[in-house]
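The values are calculated or read from the model by the stated rules, or taken from the named source; none is laboratory data. The shown structure was predicted, so the numbers you read here are calculated from the model rather than taken from an experiment. Here Cβ is always computed from backbone atoms with ideal geometry, including for glycine, and neighbour counts include all displayed protein chains. All accessible areas refer to the heavy atoms of the entire protein, side chains included, with ligands and DNA or RNA removed. Shrake-Rupley method; radii C 1.70, N 1.55, O 1.52, S 1.80 Å.
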Amino acid sequence: MYPDYLRCEYLVNPLGIDVLNPRLSWIVQSDERDQIQTAYQIIVSSSEDLIEEEKGDLWDTGKVSSDQTCHIKYNGKALEPQMYCYWKVKVWDKGDQPSKWSIIYFWSMGLLKPADWSAKWIGEPFKKRPNLIRRRIKKKSSPCPLLRKEFQIEKKIRQANVYVTALGEYELRINGKKVGDRFFTPEWTDYYQRIQYQTYDVSTLIIEGINVIGAILADGWYSGHLGPGGIYYHSHYGVNRVLMLKLNIEFSDGTYEQIVSDSSWKIFYDGPIRQADHFMGEIYNAQKEQNGWDNAGFDDTEWSEVSIDNSIKGKIVAQINEPIRIIEEIRPISVKLLKNKVHIFDLGQNIAGFCKIKLSCRNEKLVSTIKLRHGEMLNDDGSVYTTNLRRATAIDTYVISNKDEKTYHPHFTYHGFQYIQVEGLEFEPSIDTLVGCAISSDTKLSGSFECSEPSLNKLWKNILWTQRDNTISVPTDCPQRDERMGWMGDVLIFSQTSIFNMDMAAFYSKWIKDIRDMQTKDGFYPNFAPYPYNRSHAIPFAKLLPAPAWADCGITLPWDLYLNYADKKILMDHYESAKFYVNYLHSKNPNLIWKKGRSLFNPNDWLNGDKIKADDYPKKGAEIPQDVFATAFFAHSTELLSKMANVLQLIKDYEFYRNLSQKIKQKFVEEFVDSEGKIKGDTQAGYAIALKFNLLPKDLRNIAINHLKKAIEKYDNRISTGFITTIMMMLELIRNSEIELANKLLLSDRFPSWIYMINQGATTMWERWDAYVKGRGFQSRFMNSFNHYAYGAIGEFLYKIILGINLDDREPGYKHIIIKPILTGSLNWVKGYYNSIHGRIEVEWKKEKEGYEIAISIPTNTTATVYLPTEKVQNIRESDVFIKEIETIVFLKIKNKKTILKINSGKYIFKFN
Ligand code: BGC
């Protein structure tokens, strides 16, 4: 047995953290069954030599008897800014045998307080942000400023780190090279409150001799176009783009030198990036290049002095989650000539990102202008469909004059697209002329799903792509149109699927702070976060009251993170905020029906059947009444708050909110359930949510299931639920043994359905069931994204129901696992895994000639309860031995025609009929 995959604050070898007592985690690996960790030892040293020698000068826990492998709080010597900490772990197994030491990991501390920077904000002269009340005018773009500083190094370098942030975005360059591989740094937060910085190890970039450090600044989320068009527009946080930086160089002789952003830097306003905007795209004019500006020897006498900005108040914090990177380069599957000098490239996959394109100028005037238009679909005439982008023009332009081929890509923009319309090429392109670069916050893949039904495999892939495309600093609703906001209802419903697919712990830990930053003085959460209009204009925050489900994500997400990652700290940090929100709802609605303090803008069960425009589909009858929907969430959020209080051992609060949630549930029944057990509105959504949130007493549950079935029949066995209740309905059908019906809905190719989208060629999830209907064409151009993950929440069903991987609320983080696959009639085999915080859980089942085979893998140091769908216990074999002969497989009972077993860690192959 050995410790593996050591992480500090959820990341492997993070640089520049600002947590004083970081939490350490690992997983234990073993080929043996029934293996557990009985003790551990962590040592943390201040140098590589000391850690090699096993000298924990910072912290040595000694042997600690414990099976804990995650979130162990560093409790050694106080950590200083900029220091490196090296660490390793040893574990003891059930026979008290020690493992070898793990390999060495490290983290480094960042700058911990403002004084640690000794740097200034430098850049453009200060301009006041214009008053933007309902301004719809496109921003006049100003070229990206270039900043530079030359300095001399005379001694041998041991280590160099740079700490850097900006308002707007920065690309940092040292001696002609881009520093790191991140995009859109310092990423998006509410800059009035928190501004993130990044740390880079630049030891190999700094040389003995003359060095140049340079930066390009751009608008980004800070002052570029942002948010739903038509209402709000740009410059939400400010207009002047500024940089703050500290380079710390340690020499071999133990001395240090610092280079900081200050008045000695130069700035140039007329560089080649003429426009850089997330929505509008980038304009690059190669004729404006300043050759060699980021290298030594460039003459910057014509450049201006930088301005110093002392007005910035936001707290500077270390970025705690994965950076945005190019995660995949995608070669087009075709290129076609549309008309003279207009070519259409098809990537075969809808992505968020941009293109790298190889260009040369072959016209005799020696200037070519090439435009790349990006879109998700094609018009009937074969051109790129861009009307659904609304005000996001999404065009990248290159003005070039070089005869030799060069590769270009934008620096500070991204688009949501599958097709690229390239205009102005003077030569015949090939498929290799361009490549699509998919960008995403680089969260690690943590799940996999595959089965005998190809359309479900495609569905899983489409969900995954949609997640990648919308995991860009914050969880966005869509990557293409002028919106791209962290809409919270979408996350509320998709979070569990997203956590199965990828390790979202660090990403959501950051975004939970964004949500908290936006909580109002009255206690309510916004409907998206960050909420950039807070300080400014358009709809003042105070008027935008919470929308049920959207605002409730401020309660459900921390709870999801606790369950999935056993992260109690998230609950501790968030508890008061969560309580404030529930108290707000309660104070507005003392009679326990959520009617007051609710947003006029209320998406409700967004994009449900009533929004579908298609013949052969009922016009009305899908939408759940707003008070039913809202009150269901009031009860649910209150109940989750009581559970949080329970975990945190706040007994009084636990009792109070549990009581309150029970009362809201009673009130729900009194108010909305009639004498026949029908829920007001009689919608699929109404029954789904009431069942999911356990709002009904037992006798009414069965009645509700029957009404739900009838409500589905009314739609000719089709879905009429919206964003929020669709996955709830699917899970509740299974929980209430309506397996055939759930299966039918899942695999139906009749519109509206998941498979229908796929059959129309979808490579990502659509926002609307009827985004495109053959014969009818596109839905309304005002809101029609082909890359929205809410309906992708069905991913949870693939993992939990079909693969059967479930967590146990009482032992969060999959310390105890429940394996309960539903072996549906139509699938012949299924396999997949989930990398939990305790290690990989794997399930593979297949139909045999007689009966089934299920292979299960349970991580070391965890246990599982397994539900096998058979009552013939005596016939169950594991690796060809009858289970009654295997001591460590404990038969618990038979319930609902299933045999329930308890197993410990290891790999098992069960056969039964
Ligand atoms: C977004 C959604 C969001 C909704 C709220 C839309 O414009 O794209 O995903 O949840 O607004 O109504």
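Under 8 Å by Cβ, and 6 or more places apart or on different chains, what pairs join a residue from region 6-18 that is farther than 10 Å from GLY110 by Cα and charged (D, E, K, R) with one that is part of a loop (DSSP other than H, G, I, E, B) and open to solvent by 10 Å² or more (accessible area, probe 1.4 Å)?
Pairs found: GLU9/VAL19; GLU9/ILE320.
Here is a check on your reading of the model: is LYS643 over 31 Å from the mean Cα position of the chain (by Cα), more than 30 Å from LEU741 (Cα to Cα) and part of a helix (DSSP H, G or I)?
Details: over 31 Å from the mean Cα position of the chain (by Cα): no; more than 30 Å from LEU741 (Cα to Cα): yes; part of a helix (DSSP H, G or I): yes.
Against the criterion (over 31 Å from the mean Cα position of the chain (by Cα), more than 30 Å from LEU741 (Cα to Cα) and part of a helix (DSSP H, G or I)), LYS643 does not qualify.
Please give the number of the condition ASN462 fails out of (1) in a strand (DSSP E or B); (2) open to solvent by less than 10 Å² (accessible area, probe 1.4 Å); (3) more than 16 Å from the ligand (Cβ to nearest atom).
Going through the list (1) in a strand (DSSP E or B); (2) open to solvent by less than 10 Å² (accessible area, probe 1.4 Å); (3) more than 16 Å from the ligand (Cβ to nearest atom), ASN462 breaks only (1).
Looking at (1) within 28 Å of the chain's Cα centre (by Cα); (2) part of a helix (DSSP H, G or I); (3) farther than 18 Å from ILE515 by Cβ; (4) within 16 Å of the ligand (Cβ to nearest atom), which is the one condition that is false for ALA635?
ALA635 satisfies every listed condition except (4).
Please tell me if TYR531 is within 16 Å of the ligand (Cβ to nearest atom), in a loop (DSSP other than H, G, I, E, B), touching a Pro at 6+ places or on another chain (Cβ under 7 Å) and open to solvent by less than 10 Å² (accessible area, probe 1.4 Å).
Numbers: within 16 Å of the ligand (Cβ to nearest atom): yes; in a loop (DSSP other than H, G, I, E, B): yes; touching a Pro at 6+ places or on another chain (Cβ under 7 Å): no; open to solvent by less than 10 Å² (accessible area, probe 1.4 Å): yes.
It is false that TYR531 is within 16 Å of the ligand (Cβ to nearest atom), in a loop (DSSP other than H, G, I, E, B), touching a Pro at 6+ places or on another chain (Cβ under 7 Å) and open to solvent by less than 10 Å² (accessible area, probe 1.4 Å).
Could you grab the pairs with beta carbons closer than 9 Å, sequence gap of 6+ or different chains, first residue in region 154-180 and more than 16 Å from GLU208 (Cβ to Cβ) and among the acidic types (Asp, Glu), second one open to solvent by 10 Å² or more (accessible area, probe 1.4 Å) and assigned to a strand (DSSP E or B)?
GLU169/ILE216; GLU171/LYS178; GLU171/ILE216
If a residue has to be assigned to a loop (DSSP other than H, G, I, E, B) and more than 16 Å from the ligand (Cβ to nearest atom) to count, how many in region 753-796 make the cut?
Quick first cut of region 753-796, residues assigned to a loop (DSSP other than H, G, I, E, B) only: 753, 760-771, 774-776, 779-789.
Filter once more, so that each one left must be more than 16 Å from the ligand (Cβ to nearest atom): 753, 760-763, 774-776.
Total meeting the criteria: 8.
Given the conditions (1) within 24 Å of the chain's Cα centre (by Cα); (2) of a type in the set (S, T, N, Q); (3) crowded, with 22+ Cβ neighbours inside 10 Å, report the number of the one that GLN193 does not fulfil.
Condition not satisfied by GLN193: (3).
Take VAL306 and tell me if it is touching a strand residue (DSSP E or B) at 6+ places or on another chain (Cβ under 9 Å) and of a type in the set (A, V, I, L, M).
Numbers: touching a strand residue (DSSP E or B) at 6+ places or on another chain (Cβ under 9 Å): yes; of a type in the set (A, V, I, L, M): yes.
Judged against the criteria, VAL306 is a match.
I'd like the full set of residues that are over 13 Å from ASN694 (Cα atoms) and either crowded, with 19+ Cβ neighbours inside 10 Å or in contact with a Cys (Cβ under 7 Å, 6 or more places away or on another chain) (or both), limited to region 653-666.
Across region 653-666, the qualifying residues are TYR657, LEU660.
Quick one: which of LYS665, LYS620 is at pLDDT 95 or above and in a helix (DSSP H, G or I)? Spell out how you get there, then give the answer.
Numbers: LYS620 fails: in a helix (DSSP H, G or I).
The conditions single out LYS665.
State the number of residues belonging to region 466-491 that are more than 9 Å from the ligand (Cβ to nearest atom), more than 12 Å from the chain's Cα centre (by Cα) and open to solvent by 10 Å² or more (accessible area, probe 1.4 Å).
0
Just the residues that are among the basic types (Lys, Arg) and either in a helix (DSSP H, G or I) or under 10 Å from LYS911 (Cβ atoms) (or both), please, taken from region 872-892.
ARG877, LYS884
Residue by residue through region 743-752, note down the ones that are more than 28 Å from the chain's Cα centre (by Cα) and either within 16 Å of the ligand (Cβ to nearest atom) or assigned to a helix (DSSP H, G or I) (or both). Walk me through how you get there before you give the answer.
From region 743-752, those more than 28 Å from the chain's Cα centre (by Cα) are 743-744, 748-751; that's our starting set.
Within region 743-752, ASN743, LYS744 qualify.
Could you please let me know if GLU848 is under 28 Å from GLU811 (Cα atoms) and of a type in the set (D, E, K, R)? Lay out the reasoning, then the answer.
Working: under 28 Å from GLU811 (Cα atoms): no; of a type in the set (D, E, K, R): yes.
Spelling it out, it is not the case that GLU848 is under 28 Å from GLU811 (Cα atoms) and of a type in the set (D, E, K, R).
Can you name the condition, by its number, that ILE817 falls short on among (1) in a loop (DSSP other than H, G, I, E, B); (2) modelled with pLDDT of 95 or more; (3) in contact with a Ser or Thr (Cβ under 8 Å, 6 or more places away or on another chain)?
Unmet for ILE817, out of (1) in a loop (DSSP other than H, G, I, E, B); (2) modelled with pLDDT of 95 or more; (3) in contact with a Ser or Thr (Cβ under 8 Å, 6 or more places away or on another chain): (1).
For region 1-99, give me every one of the strands (runs of 3 or more DSSP E) that falls completely inside it and has 2 or more residues that are open to solvent by 10 Å² or more (accessible area, probe 1.4 Å) and among the hydrophobic types (A, V, I, L, M, F, W, C).
Working: elements: 2-8, 23-29, 39-45, 84-92.
It comes to none.
Kindly establish whether GLY681 is among the small types (Gly, Ala, Ser) and open to solvent by less than 30 Å² (accessible area, probe 1.4 Å). Working first, answer last.
Numbers: among the small types (Gly, Ala, Ser): yes; open to solvent by less than 30 Å² (accessible area, probe 1.4 Å): no.
So GLY681 fails the test.
List the strands (runs of 3 or more DSSP E) that sit entirely inside region 823-863 and contain at least 2 residues that are in contact (Cβ under 8 Å) with a residue 12 or more places away in the chain, among the charged types (D, E, K, R) and open to solvent by 10 Å² or more (accessible area, probe 1.4 Å). Break it down stepwise before answering.
Working: elements: 829-836, 839-847, 852-858.
Qualifying strands (runs of 3 or more DSSP E): 839-847.
Which residues, counting only those in region 492-506, are in a helix (DSSP H, G or I) and more than 16 Å from the ligand (Cβ to nearest atom)? Give the derivation first.
Residues of region 492-506 in a helix (DSSP H, G or I): 492-501, 505-506.
Within region 492-506, GLN496, ILE499, PHE500, ASN501, ALA505, ALA506 meet the criteria.
If you take the residues in region 798-822 that are within 18 Å of ASN904 (Cβ to Cβ) and acidic (Asp, Glu), which one is least open to solvent (accessible area, probe 1.4 Å)?
ASP808
Output the qualifying pairs, or none if there are none: Cβ atoms under 6 angstrom, residues six or more apart or on different chains, first residue in region 612-625 and farther than 13 Å from ASP770 by Cβ, second residue open to solvent by 40 Å² or more (accessible area, probe 1.4 Å) and at pLDDT 90 or above.
From residues that are farther than 13 Å from ASP770 by Cβ, the pairs are ILE624/GLY681; PRO625/LYS680; PRO625/GLY681.
Hey, does region 446-455 have a residue that's more than 15 Å from the ligand (Cβ to nearest atom) and of a type in the set (D, E, K, R)? Walk me through how you get there before you give the answer.
Taking region 446-455 as the starting set, the residues that turn out to be more than 15 Å from the ligand (Cβ to nearest atom) are 446-455.
Next cut, of a type in the set (D, E, K, R) only: 450, 453.
Yes, some residue in region 446-455 is more than 15 Å from the ligand (Cβ to nearest atom) and of a type in the set (D, E, K, R).
Results for (1) open to solvent by 10 Å² or more (accessible area, probe 1.4 Å); (2) over 19 Å from TRP606 (Cβ atoms); (3) in contact (Cβ under 8 Å) with a residue 60 or more places away in the chain, shown as yes or no for each residue.
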position	(1), (2), (3)
GLN760	yes, yes, no
ARG768	yes, no, yes
GLY792	no, no, yes
GLU796	yes, no, yes
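PHE427 is checked against (1) closer than 26 Å to ASN470 by Cβ; (2) surrounded by fewer than 24 Cβ atoms within 10 Å (Cβ to Cβ); (3) among the aromatic types (Phe, Trp, Tyr) and fails just one. What number does that condition carry?
(1)
If the requirement is being away from the ligand (no atom under 16 Å from the Cβ), over 20 Å from HIS225 (Cβ atoms) and of a type in the set (A, V, I, L, M), which of these qualifies: ALA566, ALA551? Break it down stepwise before answering.
Numbers: ALA551 fails: away from the ligand (no atom under 16 Å from the Cβ).
Answer to the selection: ALA566.
Can you confirm whether region 348-360 contains a residue that is among the charged types (D, E, K, R) and out of contact with any Gly (no Cβ under 6 Å at 6 or more places or on another chain)?
Residues of region 348-360 that are among the charged types (D, E, K, R), as a first pass: 356, 358.
Going one step further and asking which of them are out of contact with any Gly (no Cβ under 6 Å at 6 or more places or on another chain), we end up with 356, 358.
Taking every residue of region 348-360 in turn, at least one turns out to be among the charged types (D, E, K, R) and out of contact with any Gly (no Cβ under 6 Å at 6 or more places or on another chain).
In region 584-635, how many are farther than 22 Å from PRO752 by Cβ, among the basic types (Lys, Arg) and buried (at least 16 other Cβ atoms within 10 Å of the Cβ)?
Looking only at that region, the number is 2.
Looking at region 890-911, can you tell me whether even one residue there is open to solvent by less than 50 Å² (accessible area, probe 1.4 Å), of a type in the set (Gly, Ala, Ser) and touching a Phe, Trp or Tyr at 6+ places or on another chain (Cβ under 7 Å)?
no
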